[in-house]
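K.L.:
Submitted below is the structure of interest, expressed as structure tokens.
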Amino acid sequence: MPSNQPQTIYLSDYKVPAYLVDTADLRFELFEDGARVHSTLAFRRNPDCQENQETGAPLQLHGDSLKLESLVLNGEAVAPSNYNVSDELLTVNQVPQHFTLQVVTWIEPQNNTRLEGLYKSAAMFCTQCEAEGFRCITYFPDRPDVMARFSTRIEADKTAYPVLLSNGNPVEQGDLSDGRHFVTWEDPFPKPAYLFALVAGDLLEKQDSFTTMSGRKVDLRMYVEPRNSEKCEYALDSLKRAMAWDEQTYGREYDLDIFMIVAVDDFNMGAMENKGLNIFNSSCVLASQETATDMAFERIESIVAHEYFHNWSGNRVTCRDWFQLSLKEGFTVFRDTQFSGDMGSATVKRIESATVLRTAQFAEDAGPMAHSVRPASYMEITNFYTLTIYVKGAEVVRMIHTLLGPDLFRKGSDLYFERHDGQAVTTDDFVKAMEDASGRDLGQFRLWYEQAGTPQLAISDEYDESAGVYHLHVKQTLPDTPGQTDKQPQHIPFALGLLGSRGEALALALSADELASGDAPQERVLELTEASHSFEFHGLSERPVSSLLRHFSAPVRVSYSWTREQLLFLMNHDSDGFNRWDAGQRLAIDVIQQMIGAPKDVTVDARLVGAFRHLISDADLDQALVAKMLVLPTVAYLAELTDGADVPAIHRARRRVLKHLAIALRDELVACYRRNIDSGPYQLGPEAVARRSLRNTALAWLLLINDEEGRSLGLGQYRDADNMTDRMGALKAFVNSGYDDDRAATLNDFYQTFQHDPQVVEQWFSVQAASRRTGQLSHIHALLEHPAFDWKNPNKIRAVIGAFAGQNLVNFHNPDGSGYQFLADQVCKLDDSNPQIAARLVSPLTRWRKFAPEYSQQMQAALMQIRDKENLSGDLYEVVYKSLA
Ligand code: ARG
Ligand code: ZN
């Protein structure tokens, strides 16, 4: 067992902080060989800490990789006998009730490859403090329930670092000797240290402004490296839309005079909501028509909104401890998905959310790292920035919204913000506010926060012709997860519709009386609270077709024995767009599963071909929805649905179906392509996005079957594209096609054209790493050797290694085990420089139990090899040990 085995931290051990910090005055001296941090902290005993009131506890401050240069208490050096420094803590044994502590530390941002705390990205200094990065800057009670008013003075060389930023408002600036200068910032809002930020660099400033609902003018500023000057507009526009939306939808107004966004190339995650100074991964904020795909634009809009929304859901009201992470993340993801739905198509957004959830979150919830939305323990908190916390957490908030309805939900959020403004609180406080505002009892609902695992609904039905009654039976079970068995039924909102034989919506009368009243609605949200329920629907003259779990009203698995006829019927007639899409997915899954290992003479169900023909040909259908319906379920999702999965076999079956469809619908695809060619200027609206999506799907299918007309359409599209969606669509189609020469030529041209743009080079890497054809191991190794690859840059690592292991499933699951071995090698290598990224990348291996024995044994062996690495980080330790347990 390695010596650095991390401690497990339990929610049940939570204690209020012994000391509070009223003010934190920081002074940073930034140099090329390091930085000196002067910190002046005003402490007092916490009146809520019983123990400390009575006896006077020692002061314990977190610290990580710091060199302590001096320690002064109330103006006097602390005697060596009165303090102690370990790897993780600075302890001062005797302190008075109130005191000022001055701490000077020396750090080396230029050598910080973990990208936590203060580090350098290219020539600029920047920070990432969530969750526990502030302790890499200076000694501090680095926990979210300690909130202080910060002031920050930054001193640096004026030529190299003309721009010096921190949280709040700039209050003073001036020149110093030796060509240096300083800027002082003050943040009037008390905040936890994880929201602290600092940026210093030679950055270009883009200005804009927003007038809030109360008429205050807020300066909006975006800071980027000068070469990115033309890539700021979309983020700034998204920001203004988000600010207006949050006023209208939640009554939330921005609270400082200035709001800043900074783009940074080296960043572990997507972005960070530091108070007044949001810092973004470049790939999540910079975009232009020529360099960003429609999907990237969509992602940018939602992440800019997400970080902005955190100003209330996260910053004004923050988390008491990191077990409550979903308090801010789940709620904020819910808010950003509502926003995206309102900006575009709510149905399409719902399909995208459900896809992520069902493909990846369900897998996480069924795997060795499964945890509840409010976990009970963790070793390394950075491992808990998970899909469960973010997207399942958002689903939980969404269910509250469904149960309460929009008006009571808004009353609840108003109460939550008002009651807890300036506080650090828990998910329970959130639910309580919703209860108090609505009068609803959410007691059982709270289990969604406590129990891990995905609920399964087994549904059956029968129709009683003589009585005209339709019976629907729903059984709920919740699988065991690590450390949790014998779970209780949860409170599940289950939206239902019934369709008559002509596709018409039927009334859902739960009793004869309701039937007689004539008031029965055409859609109901049934509330499941027991292990099993039976519902009766009256007044039905024929057997209806059920539309189950409309809009994916709860994050659950549904099993029901649909006939293919029923699925085709729902695809065509359901008034719920989500369930039309879902019916198509279920039909395709059924057909693909039937093809796994099937003999050559088994043909693809002609009804699937017919359904797709209709989708491709009928221009009157909602084209945005059609674009989604044409995407076959991914290999990842098909594998998630299978126990003992054989990925190459699933891949072959899926391809067989895809090729069959492409051959059968060849003429329709060409027609669809031509119908959707844009003649006018580039636009970003949902209609234009749907056209590009349809056209590029058609192209991809045509190239999959080596269609010559498709080839010339593709070459033309690649050459003439005025936007990245079309250029990348064509490139991707060639990369996945059998046209070897065209593939090589387009890849080469693409690199030559965009080699100076890191965001585009990332896409160039990942399209290759994710492809069946270019993503064999020899090619992946070549990509790692490519001059544009950079082991210090998380985006490049994700674009190659992450895309290979996460998206190129057929090559990753090579039966010879080489894909697993490759990932293990890279993870071990990365663990020494950036453990947080290493622990994230390893995740495909942790799912080893899902796969057929010849695969799972080799995956397990790869994990063991990582386990035995020297100096295994705490981050990787937790993931690897839990997956092998
Ligand atoms: N709070 C950020 C967000 O909006 C995520 C930051 C997480 N960073 C980290 N190093 N774990 O989602
Ligand atoms: Zn967030």
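Where a number appears in this text, it was derived from the coordinates with a stated rule and is not lab data. As the structure is a computational prediction, the values presented were derived from the model and not from experiment. We place every Cβ from the backbone using ideal geometry, glycine too, and count neighbours over all the protein chains shown.
K.L.:
What spacing in nm lies between the two simple spin-label points modelled at Thr529 and Asn572, each 7 Å away from Cα in the Cβ direction?
P.N.:
4.1 nm
K.L.:
Cα-Cα pairs above 15 Å in region 203-282: how many percent? It would help to have the intermediate numbers written out before the result.
P.N.:
Numbers: 1807 of 3160 pairs.
Tail of P(r) above 15 Å: 57 percent of Cα pairs.
K.L.:
Nearest-5 percent of antiparallel DSSP beta bridges in the chain? It would help to have the intermediate numbers written out before the result.
P.N.:
Numbers: 101 of 125 bridges.
Counting only bridges with both partners in the chain, antiparallel ones make up about 80 percent.
K.L.:
Over region 317-449, what is the relative contact order in whole percent, taking alpha-carbon pairs under 8 Å and six or more residues apart? Provide the component values of the computation, followed by the final result.
P.N.:
Numbers: 142 pairs, mean separation 49.0, N = 133.
The normalised contact order for region 317-449 reaches 37 percent.
K.L.:
Using only the alpha carbons of the chain, determine the length spanned along each of the three principal axes and report them from longest to shortest in whole angstroms.
P.N.:
Projected onto the principal axes, the Cα atoms of the chain cover 89, 69, 61 Å.
K.L.:
Can you tell me the relative contact order of region 456-561? Whole percent, Cα pairs under 8 Å, sequence separation 6 or more. Let's see the in-between values first.
P.N.:
On the way: 213 pairs, mean separation 40.6, N = 106.
That works out to 38 percent.
K.L.:
Pick out, in residue order, every one of the trypsin sites (Lys or Arg not before Pro) in region 503-609 that is DSSP loop and has at most 14 other C-beta atoms within 10 Å; say none if there are none. List each step's numbers first, then the result.
P.N.:
Numbers: sites: Arg524, Arg550, Arg557, Arg564, Arg580, Arg586, Lys600, Arg607; in loops: Lys600.
The qualifying sites are Lys600.
K.L.:
May I ask you to compute the full-extension gain from His471 to Asp618, defined as 0.36 nm times their residue separation minus their alpha-carbon distance, rounded to one decimal in nm?
P.N.:
Details: separation 147, 0.36 × 147 = 52.92 nm, distance 3.57 nm.
Full extension of this stretch gives 49.3 nm more.
K.L.:
Where in the chain lies the longest segment free of GluC sites (Glu not before Pro) that are both loop residues by DSSP (not H, G, I, E, B) and have at most 14 other Cβ atoms within 10 Å? If you can, show how the numbers build up before the last one.
P.N.:
Values: sites that count: Glu32, Glu88, Glu465, Glu504, Glu530, Glu542, Glu870.
Answer from the scan: 89-464.
K.L.:
OK, next. Could you work out how far the C-alpha centroid of region 32-53 sits from that of region 616-675, in angstrom?
P.N.:
Here the two parts' Cα centres lie 58 Å apart.
K.L.:
To continue, here is another question. Between the helical axis of 758-769 and the dominant principal axis of the chain, each derived from Cα atoms, what acute angle in degrees is found, rounded to the nearest 10?
P.N.:
Helix 758-769 sits at roughly 50 degrees to that axis.
K.L.:
May I ask for the angle, rounded to the nearest 10°, between helix 724-735 and the longest principal axis of the chain, with both axes built from Cα atoms and the value confined to 0 to 90°?
P.N.:
70 degrees
K.L.:
Another question, if that's okay. For Asp601 and Glu542 in one chain, what is 0.36 nm times their gap in residues minus the Cα-Cα distance, to one decimal in nm?
P.N.:
Values: separation 59, 0.36 × 59 = 21.24 nm, distance 3.81 nm.
Working it through step by step, the gained length comes to 17.4 nm.
K.L.:
Expressed as a rounded percentage, what relative contact order does the chain have, with Cα pairs under 8 Å and six or more residues apart? All intermediate terms of the calculation are to be shown ahead of the outcome.
P.N.:
Values: 1713 pairs, mean separation 76.9, N = 885.
About 9 percent, as a whole number.
K.L.:
Once you place label points 7 Å from the Cα toward the Cβ at Asp441 and Arg227, how far apart are they in nm?
P.N.:
Distance between the two pseudo-spin positions: 6.3 nm.
K.L.:
Another one. Which entries of Lys67/Lys796; Lys349/Lys882; Lys206/Lys275 show an alpha-carbon separation above 28 angstrom in the structure shown?
P.N.:
Lys67/Lys796; Lys349/Lys882
K.L.:
Hey, what angle do you get for helix 874-884 against the long axis of the chain, alpha-carbon based, 0 to 90 degrees rounded to 10?
P.N.:
Tilt of helix 874-884: around 30 degrees.
K.L.:
Sum up the charges of everything whose Cβ sits under 13 Å from the Cβ of Arg227, counting Lys and Arg as +1 and Asp and Glu as -1, but leave Arg227 out. Each step should come with its number before you reach the end.
P.N.:
Details: positive: Lys231; negative: Asp202, Glu225, Glu230, Asp265, Asp757.
Summing Lys/Arg as +1 and Asp/Glu as -1 gives -4.
K.L.:
Another question about this same structure. So what is the 222 nm mean residue ellipticity for the chain from helices alone, if each DSSP H run of at least 4 adds -39500 (n - 2.57) and you divide by all residues, rounding to the nearest 500 deg cm²/dmol?
P.N.:
Details: 31 runs with 350 residues, N = 885.
Dividing the helical sum by the residues of the chain leaves -12000 deg cm²/dmol.
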